[in-house]
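Enquirer: Please read through the structure below; I'll follow up with questions.
The values are calculated or read from the model by the stated rules, or taken from the named source; none is laboratory data. From a predicted model like this one, the values you see are computed outputs, not experimental measurements. Every residue, glycine as well, gets a Cβ built from its backbone with ideal geometry; the counts of neighbours run over all protein chains shown. Heavy atoms of the whole protein, side chains included, go into the accessibility calculation; ligands, DNA and RNA do not. Shrake-Rupley method; radii C 1.70, N 1.55, O 1.52, S 1.80 Å.
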Amino acid sequence: LGRDAWSEMSADLYICDAANMHLFRDGEFGGIHCAQVAEHWPTDLVPIIFRELHRVTKPDAKMFLCWDTSELLERQDRNPQDPDEDRTHRTIKPIAWWAHTWGLVGWSSVQKTATLRTHPLSFIPEYDLDWVVLEKNGT
């Protein structure tokens, strides 16, 4: 569908799984933008996905991650068991669980700056998202 809609970009559209990004070389990307996606990953695949994202990024890569966490749901008075909640949210976990998991495979969080919350074009305040910027550790 993407190739039909954006024919001029067809050579740059790929289909693969985040747990197996075999189409891409080690160190191919300088950064990753992952918005409102991680909560949809199956829990058992989260470490594999973080490892694969680590593999395909350059040594100094950064990853922007915003996602639904258990803290976000609590802050917004949402219950993951509520029938109105998105059933595709497979991994709603505390931020500490996520930090432990990405840390095991070579990512660490970078000091957050207020700029992302206060920039006039930022969508973060409107949606009250949990977010972090990660930095790739090691080579």
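Enquirer: Can we say A96 is within 17 Å of the chain's Cα centre (by Cα) and closer than 29 Å to P125 by Cα? Working first, answer last.
Expert: On the way: within 17 Å of the chain's Cα centre (by Cα): yes; closer than 29 Å to P125 by Cα: yes.
Yes; evaluated as a whole, the condition is true for this residue.
Enquirer: Condition first: open to solvent by 50 Å² or more (accessible area, probe 1.4 Å) and over 26 Å from D130 (Cα atoms). Can you find one or more residues in the range 27-46 that meet it?
Expert: Yes: the range 27-46 contains one or more residues that are open to solvent by 50 Å² or more (accessible area, probe 1.4 Å) and over 26 Å from D130 (Cα atoms).
Enquirer: While we're looking at this one, here's another question. Within the set of pairs 6+ apart or on separate chains, which have a first residue in the range 8-22 that is under 11 Å from I48 (Cα atoms), a second that is open to solvent by 100 Å² or more (accessible area, probe 1.4 Å) and assigned to a helix (DSSP H, G or I), and C-beta atoms under 9 Å apart?
Expert: Here the result reads A19/R51, each pair linking the range 8-22 to a residue that is open to solvent by 100 Å² or more (accessible area, probe 1.4 Å) and assigned to a helix (DSSP H, G or I).
Enquirer: Can you pull out the helices (runs of 4 or more DSSP H) entirely within the range 59-123 that have at least 1 residues that are open to solvent by less than 30 Å² (accessible area, probe 1.4 Å)?
Expert: 70-75, 95-104
Enquirer: Let me ask something else about it. Residue by residue through the range 1-39, note down the ones that are among the basic types (K, R) and under 30 Å from S108 (Cβ atoms).
Expert: Across the range 1-39, the qualifying residue is only R25.
Enquirer: Kindly provide the set of residues from the range 11-22 that are in a loop (DSSP other than H, G, I, E, B) and open to solvent by 80 Å² or more (accessible area, probe 1.4 Å), ordered by number.
Expert: If the condition is that a residue be in a loop (DSSP other than H, G, I, E, B) and open to solvent by 80 Å² or more (accessible area, probe 1.4 Å), then Y14, I15, H22 are the ones that fit.
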